[in-house]
Amino acid sequence: MNIFHHLAVFCAAAVVFSSAAQSQTYPSKPIRIVVPYSAGGASDGPMRVIAQEMSKQLGQQVSVDNKPGMGAMLGAEIVARAAPDGYTLLLGSNPEVISPSLYSNLSFDPVEDFTPIGLFSREPSVLVVHPALPVQSIKEFIAYIKAHPSNIDFASSGNGSAQHLFTEMLLSKASLKMVHVPYKGSGQATTDLIAGQVKVAMPGLAAMMVHIKDNRLHPLAVSGAERSPLLPDVPTLEESGFPGFTAYVWNGLMAPKHTPALVIDRLSKELKAALMSASVQAFMKQASIESLNTSPAEFMNFLREERERNAKIIKETGLKID
């Protein structure tokens, strides 16, 4: 055994020892969670409440840093390139499993370049239209869009977002044509939808309820497996003639690949504790968002299964980036 081999073994051992030592003292400084959407969006709200609770538990500030752009891939890439030390995390959502089939030139893998921490929420989407659109049901909506092909815009929170994919799924199944208008987040998309700049969208249900109650938007169908208790008179898409159409917007916490297992275990534990806290439970209940509580391994299995499922959907719909 030569000196170079001894040196290599020593260096490897030193790295492992250093990583373990850092894990034992984690966290020793503030933690940043990158949210790849604009502030005020549907994913931003739950993450901020959870981050506040985790700050109390960890004894360090856990802040939210909004980095919208590139269909949520800008923020994802920032975290994928960050040091795998547990101090830069990502709010992962549907684009992580949609983008691999949409972008051929990504410099990172939205699934495999991360270590999952936990899947923490899901909610159905709701097909909403501006009141200026003369439709009161999904049947009338389909008839109207067919009569005005490619003349009606639909908004989404960005290319490759859940809103984008779910709407394209509906258009494909109903043989409809509309014009996609992508935004950098659901906040601005909702603002323009309410103003009538765009007429249709399929965002998460929770953030739309206040606008539906104020009659600024009209709901036509929900994407969940069952009707929402918030909108008991609004049918599901399955009930509306689209068998098998069940889709949810989901959110989870992720870290860069190679983050030490001890750090991931600690973050998983603290995320689960935060989800059980009174403040987070109250927020989720008020917003009618389903709270989930998975292990890192369960979350990784979910990501890989969803990646494959969405790849098939994208191939079937012929979805392309605008």
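Points worth noting:
- Residues (at pLDDT below 95 and either out of contact with any helix residue (DSSP H, G or I) (no Cβ under 8 Å at 6 or more places or on another chain) or assigned to a strand (DSSP E or B) (or both)) located in the range 83-121: S104, N105
- Residue in the range 150-160 that is touching a strand residue (DSSP E or B) at 6+ places or on another chain (Cβ under 6 Å), touching a residue at least 60 places away in the same chain (Cβ under 8 Å) and closer than 21 Å to L237 by Cα present: no
Yes/no matrix, rows are residues, columns are (1) in contact with a Ser or Thr (Cβ under 8 Å, 6 or more places away or on another chain); (2) part of a loop (DSSP other than H, G, I, E, B); (3) crowded, with 16+ Cβ neighbours inside 10 Å:
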{"position": "S150", "(1), (2), (3)": "no, yes, no"}
{"position": "F154", "(1), (2), (3)": "yes, no, yes"}
{"position": "E168", "(1), (2), (3)": "yes, no, yes"}
{"position": "K184", "(1), (2), (3)": "yes, yes, yes"}
{"position": "Q188", "(1), (2), (3)": "yes, no, yes"}
{"position": "V198", "(1), (2), (3)": "no, yes, yes"}
{"position": "M209", "(1), (2), (3)": "yes, no, yes"}
{"position": "P232", "(1), (2), (3)": "no, yes, no"}
{"position": "G241", "(1), (2), (3)": "no, yes, no"}
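- Per-region count, the range 85-116, residues over 16 Å from I314 (Cβ atoms), touching a Pro at 6+ places or on another chain (Cβ under 8 Å) and either among the basic types (K, R) or surrounded by fewer than 18 Cβ atoms within 10 Å (Cβ to Cβ) (or both): 1
- Some residue of the range 54-76 being in a strand (DSSP E or B), touching a Lys or Arg at 6+ places or on another chain (Cβ under 8 Å), in the same structural domain as D265 (by TED's automatic domain parsing) and of a type in the set (S, T, N, Q): yes
- Of everything in the range 60-84 that is more than 19 Å from G45 (Cα to Cα) and among the aliphatic types (A, V, I, L, M), the residue that is surrounded by the fewest Cβ atoms within 10 Å (Cβ to Cβ) is A83.
- Hits in the range 250-284 (condition: modelled with pLDDT under 95 and under 17 Å from the mean Cα position of the chain (by Cα)): M284
- Residue check, S125 of a type in the set (S, T, N, Q), touching an Asp or Glu at 6+ places or on another chain (Cβ under 7 Å) and buried (at least 24 other Cβ atoms within 10 Å of the Cβ): no
Here's the yes/no breakdown for (1) loosely packed, with under 14 Cβ neighbours inside 10 Å; (2) of a type in the set (K, R):
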site	(1), (2)
A206	no, no
L220	no, no
E226	yes, no
T236	no, no
R266	no, yes
K285	yes, yes
I289	no, no
T294	no, no
M300	no, no
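- For the range 247-254, the condition of being without any contact (Cβ under 8 Å) to a residue 24 or more places away in the chain and either part of a helix (DSSP H, G or I) or surrounded by 19 or more Cβ atoms within 10 Å (Cβ to Cβ) (or both) holds for none of the residues.
- Filter result for the condition that a residue is closer than 29 Å to M169 by Cα, in a loop (DSSP other than H, G, I, E, B) and in the same structural domain as S291 (by TED's automatic domain parsing), over G45, G40: G40
- When T167 is tested against the conditions (1) without any contact (Cβ under 8 Å) to a residue 60 or more places away in the chain; (2) on the phi > 0 side of the Ramachandran plot, the lone failure is (2).
- Residue among V222, V210, V198 that is in contact with a Phe, Trp or Tyr (Cβ under 7 Å, 6 or more places away or on another chain) and either β-branched (V, I, T) or not assigned by TED's automatic domain parsing to the domain that holds H164 (or both): V198
- Residue list for the range 26-66, restricted to those being among the charged types (D, E, K, R) and at pLDDT below 95: D44
The values are calculated or read from the model by the stated rules, or taken from the named source; none is laboratory data. Model, not experiment: these values are computed from the prediction. Positions of Cβ are backbone-derived with ideal geometry, glycine not excepted, and every protein chain shown enters the neighbour counts.
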